[in-house]
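Asker: Following this message is one structure expressed as structure tokens.
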Amino acid sequence: MYKTYLTLFLLLPFAFAADLRADKRLKDDGFVALFNGVDLKGWVGNTNGYKAVEGVLICQARKSKGAKIYTAEEYADFIFQFDFKLTPGANNGVGIRAPLTGN
């Protein structure tokens, strides 16, 4: 089955800082935060290049190691919202309802 997944393809080593802080207001409106701001609970895949620092999800992976992570849960109707920062030369991608294998 398909899962929502966050894919980061990296051409060069870089630090990807996504400010995905959990927001109480969003929870009050019925939204679910995919990132808890503390650790990678709820995510599967190659999480070795990721860490949580002060409520921010950081990726420091090299192209050869891959950097695909996926939500452990499947979601149906949703609004996907996120903020991100990239270093110069960085490459990224977000896959929505894509297969877990292949390109």
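Asker: Just in the range 33-103: which trypsin sites (Lys or Arg not before Pro) are loop by DSSP and have at most 14 other Cβ atoms within 10 Å?
Answerer: Lys41, Arg62
Asker: By how many nm would the segment from Ile79 to Asp28 grow when fully extended, if each residue of separation counts as 0.36 nm and the alpha-carbon distance is taken off?
Answerer: 16.9 nm
Asker: Shifting gears a bit: What FRET efficiency comes out for Asn92 versus Val38 if R0 is 25 angstrom and r is the Cβ-Cβ distance? Round to the nearest 0.05.
Answerer: Computed FRET efficiency for Asn92 and Val38 comes out at 0.65.
Every read-out reported here was derived from the displayed coordinates using simple, explicitly stated rules and does not represent laboratory data. Quantities reported herein were computed from a predicted structural model and do not represent experimental measurements. Because the Cβ atoms are built from the backbone with ideal geometry, glycine has one as well, and the counts that use them run over all protein chains shown.
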